[in-house]
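The values are calculated or read from the model by the stated rules, or taken from the named source; none is laboratory data. All figures in this text were calculated on a predicted structure; none of them were measured in a lab. Cβ atoms come from the backbone with ideal geometry, glycine included; neighbour counts cover every protein chain shown. For the accessible areas, the whole protein counts, side chains as well, though only heavy atoms, and no ligand, DNA or RNA atoms are used. Shrake-Rupley method; radii C 1.70, N 1.55, O 1.52, S 1.80 Å.
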Amino acid sequence: MNGLILFFGVVAANFLTAQISLVATAETQPVSDVRPSCELVKESLLSRSSSGVAQVSNLGDIHITCRVPARPFPIKPGESRSGLRAATTAYEISPNGSKKLVPSEVHYVGGGGGGFGPGPEPEWVDFYVQVPLDSEELDAEARRYLAKLEASMTPEQKTQFTPETQKKALERLRPLVYQHRVGHFQLDCRVLDDSRVMGADVVELEVLFKGRFSDVGLLASPPA
């Protein structure tokens, strides 16, 4: 019995020492000198303009990775932290340099990094950006695709492709039109911890016309 008491006493003492060490390390952890940064993943890059601006396909991925200094590691019982997310604001840049706000959508892929200890690795978040066509162009592209689909149908299938069926098909197809609008854009990217902005950076790119969604069709993943 005395041996068990001694054993558990040693375990408790070691545990307490470890907790004190964790707190002390967290309090003395140096501030990271990592600056927030966002960049286009190289697989999305088609080429660069004469001025060095990244160029991507209007049918391909706009895949971006952002990095920010690691958040403090949670050390108190019950503490946790959620994964980082991202948000974007897109501006279309005209030839005279003026900027116009345009829609953009973020599709989260994943993230990671951080950790505990002195000099933790920066945290990162991976996401795709969609710079969608305007409503009229999107509808036109979806209708063009459905028209080609109808042209390939058998006479029996065409009789079942009623105006009501076409309307429902159009509604379902619109969100699947992955074609980006063409132009020169500035993407203001923000890394979020819930609603708190952890860092921000700008990605500038040109979207080049490389085809139509209605010609390529639905794919497991859009062509680069």
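The H on the amide N of VAL41, modeled in the peptide plane, is under 5 Å from the matching H of HIS63, ILE64, THR65, each at least 5 residues off or on a different chain.
Ordered from largest to smallest accessible area (heavy atoms of protein chains, 1.4 Å probe), the residues LEU192, LEU84, LEU46 come out as LEU46, LEU192, LEU84.
Annotation: HIS107 carries an accessible surface of approximately 90 Å², with a 1.4 Å probe and no ligand, DNA or RNA atoms counted. Each residue was assigned an accessible area with a 1.4 Å probe, and for ASP61 the value is about 50 Å². Rolling a 1.4 Å probe over the protein chains gives ARG196 an accessible area of about 130 Å².
For a straight C-alpha distance cut-off of 16 angstrom, the aspartates and glutamates reachable from LYS100 (same-chain residues fewer than eight places away being disregarded) are GLU92, ASP134, ASP188, GLU204, GLU206. Farthest towards the positive end of the charge dipole of segment 56-115, among the residues VAL109, THR88, VAL68, is the Cα of VAL68, using unit charges on the Cβ of Lys, Arg, Asp and Glu. Accessible area per residue for segment 132-208 is 59 Å², calculated with a 1.4 Å probe on protein heavy atoms, without ligands, DNA or RNA. The listed residues GLU150, GLU137, GLU43, once ranked by accessible area (1.4 Å probe) with the largest placed first, stand as GLU43, GLU137, GLU150. Stretching the chain fully between THR159 and SER135 yields a gain of 5.8 nm (0.36 nm per residue, less the alpha carbon separation). Taking θ as phi - 60° and the Karplus parameters 6.51, -1.76 and 1.60, the scalar couplings of segment 166-171 work out to 4, 4, 5, 5, 5, 4 Hz in sequence order, x denoting glycine and proline.
The order of VAL41, VAL109 by accessible area, most exposed first and with a 1.4 Å probe, is VAL109, VAL41. Annotation: lysines with alpha-carbon distance below 29 angstrom to LYS167 (same-chain offsets under eight excluded): LYS148, LYS158, LYS210.
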